[in-house]
Amino acid sequence: MRRLPVYLLLDTSGSMFGEPIEAVKNGVQVLVSTLRSDPYALETAYLSVITFNSTAQQITPLTELASFQMPNIEASGCTALGEALWVLSDCVKREVVKTTPEVKGDWKPLVFIMTDGVPTDDIKPGLDAFRQCKFGMVVACAAGRDADTNVLKQITECVVSLDTADSATIKSFFKWVSASVSAGSMKVEETGREMGGISELPPPPPEVNIVV
Amino acid sequence: MDDQTTGMQNLDALPVRLPNATQGKPYSHASMRLPKTEGCEFTLSGHEDAGLSALLTECEDCYELTIEGTPAEPGDYAIVLQCKPAGWQEGDPLAEKRMLLMVNPNPRLLWRDIPTPENVPFYKPDRDNGAIAADGGKRVIAASQRGRSHAQEGKPRDDHFQLYHNPDSGWYVLAVADGAGSAIYSRRGSEIACHEAVAYCKSRLTDAAEFEGAIAAYQCTDDEQAARKAVGNHIYSIVGNAAYRAHRAITDEAQVVESSKPKDFATTLLLAICKKFEFGWFIASFWVGDGAMCIYDREAHSVSLLGIPDEGEFSGQTRFLTMPEIFADTASLYRRLRFGIRPDFTALMLMTDGVSDPMFGTEANLNNPDKWDQMWDRLQSGYPEDGIGGVDLDSPRAEEQLLDWLGFWRPGEHDDRTIAILY
């Protein structure tokens with residue numbers, strides 16, 4: 001079966017401590033609960049969580065939605081976004097099945113990055129590794145006013161911003177993510193193609209602003 | 001610090017996680033080990049809501065808690081483990097461990113089957129089947145079923161098939177077509193493609209003495225190249241033209257239907273004609289698009305694909321009958337035609353990618369006879385583990401069984417499915 005890999009890259013630096021991190025945890029839970037009731041996503045979507053603070057680590061390997069369990073997330077430390085990109089490309093190389101003459105490989109992964117700050121490491125090595133992988137759609141979300149959308153624009157054209165990193169706003173971002181994953185898993189099933197750009201995503205809620 | 005307090009205080013910190021359950025599937029999880037403390041009484045609640053039972057077994061140095069049963073309803077269930085220490089009295093604090101048990105919905109129950117509204121333009125039934133009786137020779141069965149992704153949204157079936165047999169001439173004509181998911185009237189495109197192609201073949205095969213003479217000459221000639229060319233010209237004129245007529249009929253339809261273009265009717269077409277002669281079976285075909293069409297011979301352990309599936313690097317990038325380049329020149333049409341003579345075979349099969357993708361997945365597998373053996377076996381055995389029956393090829397109801405068989409389950413494979421088999 002061709003899986004639709006979905007990677008969540010979540011900023012768990014110290015600035016996320018408190019309400020934001022609780023909102024992110026809640027958001028991932030909402031995402032999973034919503035997708036589990038969508039037959040397309042339940043069958044095809046696989047989810048992985050990579051967190052980054054002073055270092056980056058894959059805390060949930062690519063897991064089918066039905067077996068996904070909420071990982072423990074705590075906020076502390078800096079914002080190693082560059083390392084997170086490096087970890088992401090490493091995971092994609094290891095986990096995403098390539099097409100061979102005998103087996104049709106996985107669909108190209110969807111990636112959702114969420115950060116509330118400015119990277120504290122050099123993102124260049126990670127960015128280079130990231131650019132060598134093929135992705136279906138990469139959405140980067142700048143949560144709150146301290147996030148740097150210019151850095152995110154180097155990663156992907158699809159950058160959105162949240163005015164505040166409160167729980168209601170973060171929740172609506174994750175609802176939009178789950179609608180996007182639903183749309184993506186339906187599209188591969190119906191047309192045999194991945195989503196091409198932000199215009200194919202469901203319209204974002206008012207709290208989620210598209211950064212042009 | 002004695003054991004009792006350790007167990008009590010750390011109950012909430014126990015690294016206990018319940019694996020997710022699935023609605024309707026037996027669940028059993030026994031790895032919960034609880035510290036054994038004298039006089040301590042454990043109780044579990046919340047599991048009954050999920051339709052599960054809990055069992056506490058005493059081991060040498062611990063208690064083992066098993067949660068098992070078959071959850072009936074999906075949802076998130078809060079399961080609470082409480083511990084009453086020895087000498088506990090009403091009002092004393094309890095140690096507590098809260099756990100989340102997620103019960104996934106059964107994905108098969110999430111798929112809805114919404115009938116297509118009969119007032120949609122170019123309505124066709126969501127399911128169809130057909131057959132041609134054996135008539136002393138071979139028999140044909142065909143079935144077509146709307147995919148679950150369409151059923152989920154009450155959208156129509158885009159696939160189509162058509163069968164024809166003339167007992168007097170002995171010719172069979174089989175057509176299968178898959179309307180493109182992205183084209184709004186593709187269900188009509190596939191229907192026109194099948195009707196036109198079959199109708200044209202029918203008209204040309206009613207009295208085909210010259211064509212049949214060329215086939216007989218080809219079969220016994222010394223000058224194979226010349227004889228092959230002669231048959232090839234007939235095939236080009238009959239089968240190639242049938243495809244072209246179908247292409248034209250769709251173009252005409254696009255002019256009649258308001259503000260539509262031929263690409264709104266985009267469809268694949270797999271077309272085969274065949275007849276039994278005393279020297280063997282003559283089979284000719286035209287194929288544009290994805291799916292599969294082959295002659296399968298079980299005894300010889302061989303499979304001959306009647307063309308090359310049009311697939312790009314990525315699935316879904318197929319060619320369609322409606323594209324002008326298919327008929328741009330003689331060579332491009334000719335390379336989609338095949339013909340040959342075979343002493344006998346197990347089955348001639350035509351199918352849309354809704355069947356060939358889950359069965360084969362890649363072109364390499366399509367050329368692998370082992371994979372066709374597996375499919376042929378599965379066709380007859382069905383999928384008893386999923387409640388899908390097989391096809392008894394000798395049964396007078398084989399085409400109905402084939403239609404039911406098309407409902408086989410494969411995660412992520414929910415396209416319309418159509419298959420025609422001559423055997």
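The values are calculated or read from the model by the stated rules, or taken from the named source; none is laboratory data. Every value quoted in this text rests on a predicted model; they were computed, and no experiment measured them. All Cβ positions, even for glycine, are placed from backbone atoms using ideal geometry, and neighbour counts span all protein chains on display. Accessible surface is based on the protein model in full, side chains and every heavy atom, while ligands, DNA and RNA are left aside. Shrake-Rupley method; radii C 1.70, N 1.55, O 1.52, S 1.80 Å.
Here A:Thr100 fulfils each of the conditions (1) out of contact with any Lys or Arg (no Cβ under 7 Å at 6 or more places or on another chain); (2) more than 23 Å from A:Cys133 (Cα to Cα); (3) modelled with pLDDT under 95; (4) in a loop (DSSP other than H, G, I, E, B) apart from (2).
Of the listed requirements (1) open to solvent by 10 Å² or more (accessible area, probe 1.4 Å); (2) within 14 Å of chain B (Cβ to nearest Cβ), A:Lys124 misses just one: (2). So is B:Ala183 under 24 Å from the mean Cα position of the chain (by Cα), over 17 Å from B:Ala272 (Cβ atoms), open to solvent by less than 30 Å² (accessible area, probe 1.4 Å) and among the hydrophobic types (A, V, I, L, M, F, W, C) or not? Considered against the rule, which asks whether it is under 24 Å from the mean Cα position of the chain (by Cα), over 17 Å from B:Ala272 (Cβ atoms), open to solvent by less than 30 Å² (accessible area, probe 1.4 Å) and among the hydrophobic types (A, V, I, L, M, F, W, C), B:Ala183 comes out as yes. For B:Asp377, the conditions (1) buried (at least 18 other Cβ atoms within 10 Å of the Cβ); (2) in a helix (DSSP H, G or I) are fulfilled apart from (1). Within the stretch A:177-194, the residues that satisfy the criterion of being without any contact (Cβ under 8 Å) to a residue 60 or more places away in the chain, in contact with a Gly (Cβ under 6 Å, 6 or more places away or on another chain) and surrounded by fewer than 22 Cβ atoms within 10 Å (Cβ to Cβ) are A:Glu190, A:Thr191, A:Arg193.
May I ask you to verify whether B:Asn106 is within 14 Å of another protein chain (Cβ to nearest Cβ) and in contact (Cβ under 8 Å) with a residue 60 or more places away in the chain? Here the answer is yes, as B:Asn106 does meet what is asked.
Output the residues belonging to the stretch B:195-212 that are under 16 Å from B:Ala249 (Cβ atoms) and open to solvent by 70 Å² or more (accessible area, probe 1.4 Å). Full working, then the answer.
Just the residues of the stretch B:195-212 that are under 16 Å from B:Ala249 (Cβ atoms), to begin with: B:195-204.
Answer for the stretch B:195-212, where residues must be under 16 Å from B:Ala249 (Cβ atoms) and open to solvent by 70 Å² or more (accessible area, probe 1.4 Å): B:His195, B:Glu196, B:Lys202, B:Ser203, B:Arg204.
Restricting the search to the stretch A:197-212, which residues are out of contact with any helix residue (DSSP H, G or I) (no Cβ under 9 Å at 6 or more places or on another chain) and either part of a helix (DSSP H, G or I) or open to solvent by 60 Å² or more (accessible area, probe 1.4 Å) (or both)? Listed by number, the residues that qualify are A:Ile198, A:Ser199, A:Val212.
The single residue among A:Lys171, A:Lys93, A:Lys153 that is outside any loop (DSSP other than H, G, I, E, B), touching a strand residue (DSSP E or B) at 6+ places or on another chain (Cβ under 7 Å) and among the basic types (Lys, Arg) turns out to be A:Lys153.
Taken across the stretch B:138-150, residues that are over 22 Å from B:Met351 (Cβ atoms) and assigned by TED's automatic domain parsing to the domain that holds B:Pro411 do not occur at all.
Is it the case that some residue within the stretch A:139-152 is hydrophobic (A, V, I, L, M, F, W, C) and within 14 Å of chain B (Cβ to nearest Cβ)? No, the stretch A:139-152 contains no residue that is hydrophobic (A, V, I, L, M, F, W, C) and within 14 Å of chain B (Cβ to nearest Cβ).
Specify which of the listed residues (B:Leu110, B:Leu100) is more than 17 Å from B:Leu56 (Cα to Cα) and out of contact with any Ser or Thr (no Cβ under 9 Å at 6 or more places or on another chain).
Among B:Leu110, B:Leu100, only B:Leu100 is more than 17 Å from B:Leu56 (Cα to Cα) and out of contact with any Ser or Thr (no Cβ under 9 Å at 6 or more places or on another chain).
Put simply, of A:Phe112, A:Phe135 the only residue that is open to solvent by 30 Å² or more (accessible area, probe 1.4 Å), under 24 Å from A:Thr149 (Cβ atoms) and more than 12 Å from every other protein chain (Cβ to nearest Cβ) is A:Phe135. For the residues B:Tyr244, B:Tyr296, B:Tyr334, the requirement of being within 27 Å of the chain's Cα centre (by Cα), of a type in the set (Phe, Trp, Tyr) and at negative phi singles out B:Tyr296. Report whether or not B:Trp372 is assigned to a helix (DSSP H, G or I), open to solvent by less than 10 Å² (accessible area, probe 1.4 Å) and aromatic (Phe, Trp, Tyr). Spelling it out, B:Trp372 is indeed assigned to a helix (DSSP H, G or I), open to solvent by less than 10 Å² (accessible area, probe 1.4 Å) and aromatic (Phe, Trp, Tyr). Pick out the one residue from B:Ala216, B:Ala197 that is touching a residue at least 60 places away in the same chain (Cβ under 8 Å) and touching a strand residue (DSSP E or B) at 6+ places or on another chain (Cβ under 6 Å). Exactly one of B:Ala216, B:Ala197 is touching a residue at least 60 places away in the same chain (Cβ under 8 Å) and touching a strand residue (DSSP E or B) at 6+ places or on another chain (Cβ under 6 Å), namely B:Ala197.
If you check B:Ser169, B:Ser149 for being within 9 Å of another protein chain (Cβ to nearest Cβ) and of a type in the set (Ser, Thr, Tyr), only one passes: B:Ser149. Based on what the data block shows, is B:Ile215 of a type in the set (A, V, I, L, M) and open to solvent by 40 Å² or more (accessible area, probe 1.4 Å)? In short, no.
Checked against the criterion of being assigned by TED's automatic domain parsing to the domain that holds B:Arg188 and either closer than 17 Å to B:Cys201 by Cβ or touching a helix residue (DSSP H, G or I) at 6+ places or on another chain (Cβ under 8 Å) (or both), the candidates B:Ala331, B:Ala216, B:Ala284 yield just one match: B:Ala284. Of the residues making up the stretch B:346-369, those that are more than 14 Å from B:Ile419 (Cβ to Cβ) and not in a loop (DSSP other than H, G, I, E, B) are B:Glu363, B:Ala364, B:Asn365, B:Leu366, B:Pro369.
Filtered by the rule that a residue be over 12 Å from the mean Cα position of the chain (by Cα) and surrounded by 15 or more Cβ atoms within 10 Å (Cβ to Cβ), the stretch A:165-176 gives A:Ala165, A:Asp166, A:Ser167, A:Thr169, A:Ile170, A:Lys171, A:Ser172, A:Lys175. When you scan the stretch A:83-105, do you find a residue that is within 14 Å of another protein chain (Cβ to nearest Cβ), open to solvent by less than 50 Å² (accessible area, probe 1.4 Å) and of a type outside the set (Ser, Thr, Tyr), even just one? Checked against the condition, which is being within 14 Å of another protein chain (Cβ to nearest Cβ), open to solvent by less than 50 Å² (accessible area, probe 1.4 Å) and of a type outside the set (Ser, Thr, Tyr), the stretch A:83-105 yields at least one hit.
On the stretch given as the stretch B:244-286, residues that are free of Cβ contacts under 8 Å to residues at least 60 places away in the same chain, open to solvent by 10 Å² or more (accessible area, probe 1.4 Å) and of a type in the set (Ser, Thr, Tyr) total 1.
The single residue among B:Pro121, B:Pro74, B:Pro125, B:Pro115 that is in contact (Cβ under 8 Å) with a residue 60 or more places away in the chain and out of contact with any His (no Cβ under 9 Å at 6 or more places or on another chain) turns out to be B:Pro121.
Counting residues in the stretch B:268-283 that are touching a Pro at 6+ places or on another chain (Cβ under 8 Å), in a loop (DSSP other than H, G, I, E, B) and on the phi > 0 side of the Ramachandran plot gives zero. Looking at the stretch B:368-387, can you tell me whether even one residue there is at pLDDT 95 or above, within 13 Å of chain A (Cβ to nearest Cβ), closer than 20 Å to B:Trp287 by Cα and out of contact with any helix residue (DSSP H, G or I) (no Cβ under 7 Å at 6 or more places or on another chain)? Among the residues of the stretch B:368-387, at least one is at pLDDT 95 or above, within 13 Å of chain A (Cβ to nearest Cβ), closer than 20 Å to B:Trp287 by Cα and out of contact with any helix residue (DSSP H, G or I) (no Cβ under 7 Å at 6 or more places or on another chain), which makes the answer yes. In the stretch B:329-344, the residues that are farther than 11 Å from B:Ile295 by Cβ and free of Cβ contacts under 8 Å to residues at least 40 places away in the same chain form Cβ pairs under 9 Å with partners that are in a loop (DSSP other than H, G, I, E, B) and open to solvent by 50 Å² or more (accessible area, probe 1.4 Å), at six or more places apart or across chains, as follows: B:Arg335/B:Ile308.
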